[in-house]
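Working notes, beginning with the structure itself.
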C-alpha cells in the first residue's frame, strides 16, 4: 500500500518490515498535515491545509488517513476561539472531491481552481449561516486565494522532491531549496505558537544557514527570501526580520566551504545586530555543532544541477511581481493599511536590487568594465547636548554597498530622552530600509506611516537626508521639515532650503529633492534646527541663517571635524545665556 504525501510502497516480507526512508516520509507527512492545518496567516486565514490535502491526495490516495490529523489540528484552533469553520469545511470538501475523482487526470491549475473555489464557497456559506457576512473581506479573500494557489504548487513540488532523487536532479538548486524552505517555514508557523515565535525564527535561521553554507550565495538568497516571506505573511516576524533572513542567507552563501565555526560566529552577530539575538545565537550554535556526515548526506540528497541559475532570477522576478501587486492592492484606500503597501513596494525594490546584484556578479565582463569610484567622501560630526546629557538629535553616516554615501540627520520633537528616542527611531529605520534596497521615497513614506501609527501621542521628527554617489559626484538632498544645508565651494557658500512639514503629521507626505553636482574640495554642512535658530530672530519672526553662511565662509580648514566643531562652538556663543537647543552638525569633504 501507499502512505503519506509521497507515492511510496510499504515492503512486505515474512512480516511487516518498514524501510527507514518510508517511515521517515510517513512521519514527515503526518507532522506536515498537523502543522499546515494550524498555520495561520497574519489576516486570520488558514489556507495551507486546503492546498496540502489537495497535493497529498494527488500523490497518494492513502493520504486520506492524513485528514483526521489535519482536522484534529483545526479542532484545537477552533477550541482556542479561531473562526475557521469555513476553511475546515473546505479541507474536507477538497479531500473528498479529489478522492472521488481520483481516476480523472486533472491539470495542476484545475486542482488549484477547485481548491480556491471550495475555500471561497465554504467561507461565504459559513458567514451566511452564522450571520457573520459583515466579516467577509474581499482583500483578505484575495490574499487567501493567492496563498492557496502558491502553497499548492509548493507542496506538490515538495512531494516530488521528497520521493524522487531523479526529480531533484532535474531542477535547479534554487528551485529545490526555495521549495524546501517555504514548506519548512509553513510547518514551523503551524507548529510553533506565535507567542514563542523566537523558536520558529531560530529554526528558520538554522535552515537558511545550512542551505546557504552548503550550496552558495544564490541558494542562500533564494531560501532566505522564501522563508522570510512566509514568516512575514504568517505574522511571525516584523519587516526587520526579513532583513535578518536575507543577511544571514547571503552571509552563509559567502562562507560556503570556509570554516564552519567562523561562519557561525559571523552569522550569529549579523542576526543579533538586526535585533534577533536569541534566535540567531541558538541557530548558530546548532549549526556549529552540526556533524559533517549530515552535510554530506544533504549534498547527496540535494544532488542538484547548478546549470540553471536563470531559474533563480525568474523566481525572484516573480517575487518582485507579487510584491508589486500586493503593494497596489493595499494602496487602494488611505488608512493604516498604507504602511503595508509601502512595505510591499519596498520589498519589490529590494528583490529588484537582488536580481541586479546577481546579474552583475555573474557577469565577469561587467565586473571588469564597471566604473571605479571617482570621488571619496570624508565625514565628521559634532554635537551639543542641552538636557540630560542626551541629544534629541540623531544622525548616521555610512557607505552603502553600491558606492553611495548616506547621511541622515533627524531632530526629534522636544529635548532629552523622549526626543532622542523619536529621532533615533527615525534614523535607524531609514538607514535599515535604504541599506536593504528600499528607494528613498518609499523609505520615507514607510517611516511616516510608522510614526503615524506608533501611538496615540504625537511623534514628530524632522528628516534631513543626503545621498552622495562616489561614481558620478552627484548629491541628492531630501528635506522633511529640516534646516538648510550649506555647500561651500572655495570661498562661496550656497544655502539649500526646502519647505515641508516634519514626519508623522500628515499621511499624504510631500517628498521633494534637490540634486547638486559636486567637485573635489567641496564641503557639505548639514545642521539641526538648534544651530540655525541660535541667532536671534529677525523682525519678521524668521530665524536668520546669514550668520551661519558667513561663519562657514570664514572657516579655512578643510578638515570635516574642525569645521563641525567650530560651527557648534559659534552656535553656543550665539545663544549666550538663553536656553540652548540640541545642536548637531555633519560636515562632509569631497575628495
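Just so it is clear, none of the values below were taken in a lab; they were calculated from the coordinates. The structure presented is a predicted model; accordingly, all values stated were derived computationally and were not measured. Note that each Cβ is placed from the backbone with ideal geometry, even for glycine, and that neighbours are counted across all protein chains shown.
Worth a mention:
- Gyration tensor verdict on segment 423-504 (Cα atoms; rounded if a/c is under 1.5, prolate if a/b is larger than b/c, oblate otherwise): oblate
- Sorting 65, 243, 213 from the fewest to the most surrounding beta carbons within 10 angstrom yields 65, 243, 213.
- 10 °C / 1.306 mPa s Stokes-Einstein diffusion coefficient of segment 377-590, Kirkwood radius on C-alpha pairs, µm²/s: 92
- Ellipsoid fit via the Cα gyration tensor, segment 500-591: semi-axes of 23, 22, 12 Å, each the root of five times an eigenvalue, largest first.
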